[in-house]
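The values are calculated or read from the model by the stated rules, or taken from the named source; none is laboratory data. This one's a predicted model, so the numbers in the text were calculated from it and none came from an experiment. Note: ideal-geometry Cβ built from the backbone for every residue, glycine included; neighbour counts use all protein chains shown. For the accessible areas, the whole protein counts, side chains as well, though only heavy atoms, and no ligand, DNA or RNA atoms are used. Shrake-Rupley method; radii C 1.70, N 1.55, O 1.52, S 1.80 Å.
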Amino acid sequence: MRKPIKAVLIGTAAAALLAPCTINAFAHSEHGGPKDPRDTTLGALGQRSGVRIGTAVDMAALADDAPYRAKAASEFSSVTPENVMKWEVVEPSRGRYDWKEADKLVDFARANGQLVRGHTLLWHNQLPSWLTTGDFTADELRAILRKHITDEARHFKGRIWQWDVVNEAFNDDGTLRDSIWLRKLGPGYIADAFRWAHAADPKAKLFINDYNIEGVNAKSTALHDLVVKLRKQHVPIDGVGIQGHLSVQYNAPHDIAENMKRFDALGLETAITEADVRVPMPSDSTEQEAQAEGYDVLLRGCLLTRKCTDFTVWGFTDKYSWVPGTFEGEGAANLYDENYRAKPAYSALRDDLLLAAGRG
Ligand code: G3I
């Protein structure tokens, strides 16, 4: 359980924490990270406040890029597979599993004293073609889903700290996303997924995860109301994952703490699960400072929320990022540039963690 950080934060006018931050010019070695030997990694600083600082991991980069592997091992205290625990990867054909890459990440984490966020048991995307092209009855699809969730959660039993059980179930207007799951199984698929995951691995913390739920809006309120209902039905749901994919072209979610406190009040854990802040390319110093503010707002929201247990960035270097391939003309969304040089966003996170640890 996290030590109360309210004393530190209130002492520094917590409300001001969500105001745009001032970037302290920490001297950084050219290869990223602070010069001062006393200073330490984001992961180590975060643990002083009971928050794991994690990163999504690209397994090809982990295998082929030594600086990437070194930074992934040293800077973070949790890891999330960017892709290798997704359905299309682990069950490429029905009933035939390929755990190779996912097991490599779990072994890497164990060797580095890191916890693993499992991502993701049930999503509408990155599904194998045998599933998306199959003509299954509702009963057949429910049995397939139950078997997949059970087999995957059992395979990793005892090795996953938090599972993203259900990913991106909502539309921005607060209605449930149209997917094969909703169409064929009805809204009950969500409760079923959590029950099956819990039966397979009772110790894992089970999260529902989504994007555009950083602030108080129709989507985050609909998700909140669903979780209230699920908890009343004694569905084993433990937490809410707030992805945190931001762009400097939009305002940072300054009401994030107000939003996250709603989940705290339900006794739920929360996590920022996929933080990145994309900028129009080529990026300039002003945009990098705006990017730093985005990361700062996300982390402060977590630090101000008692049961926020993890802050994960969706990749840490611009050298490997999903953003350019998805958002034309945008990129440079991560804490380090393509040469592993730390950006102002890195300093902003360090400042917040030093402050929260009472050393700022
Ligand atoms: O594995 C194939 C490879 O065999 C093929 O040669 C290559 C080129 O076609 O594609 C490879 O698959 C790619 C896969 O990443 C693995 O690298 C897919 O094309 C590509 O679409 C996929 O992108 C991933 C994306 O989810 C899919 O929606 C990103 O890497 C990943 O960062 C992103 O992550 C999601 C989270 O899981 C959920 N939240 C949103 C976030 C961003 O979309």
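Determine the sum of side-chain charges near Gln114: Lys and Arg each +1, Asp and Glu each -1, restricted to other residues whose C-beta is under 14 angstrom from that of Gln114.
Numbers: positive: Arg52, Arg69, Lys71, Lys104, Arg110, Arg117, Arg159; negative: Glu75, Asp107, Asp310.
Net charge around Gln114: +4.
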* **Computed [θ] at 222 nm, helices only, for the chain once each DSSP H run of length n ≥ 4 contributes -39500 (n - 2.57)** => -11500 deg cm²/dmol
* To do: Give the whole-number value, in cubic angstrom per residue, of the convex hull volume spanned by the C-alpha atoms of region 146-237.
  => 90
* Asked: Once label points are set 7 Å from the Cα along Cα→Cβ at both Ala218 and Leu230, what is their separation, rounded to one decimal in nm?
  -> 2.2
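Stretched out fully, how many nm does the piece from Ser74 to Tyr97 gain, at 0.36 nm a residue minus the Cα gap?
Working: separation 23, 0.36 × 23 = 8.28 nm, distance 3.06 nm.
Full extension of this stretch gives 5.2 nm more.
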* Asked: Where Lys and Arg each count +1 and Asp and Glu each count -1, what net charge lies around Val235 among other residues with Cβ under 13 Å from its Cβ?
  -> +2
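What number comes out for accessible area per residue over the chain if the probe is 1.4 Å? Units Å², please.
Working: 14450 Å² over 360 residues.
Spelled out: the 1.4 Å probe surface of the chain, per residue, equals 40 Å².
If I take all pairs of Cα atoms in region 186-298, what percentage of them are more than 18 Å from each other?
Numbers: 3390 of 6328 pairs.
Cα-Cα pairs in region 186-298 separated by more than 18 Å: 54 percent.
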* Distance violations [Cα-Cα > 25 Å] among Lys232/Lys261; Lys203/Lys232; Lys157/Lys219; Lys157/Lys184; Lys203/Lys319; Lys157/Lys307 -> Lys157/Lys219; Lys157/Lys184; Lys203/Lys319
* Which three lengths, in whole Å and largest first, does region 12-356 cover when its Cα atoms are put on their principal axes? -> 60, 42, 38
* About its Cα centre, how strong a charge dipole does the chain have in debye, to the nearest 20, once Lys and Arg get +1 and Asp and Glu get -1 at the Cβ? -> 1700
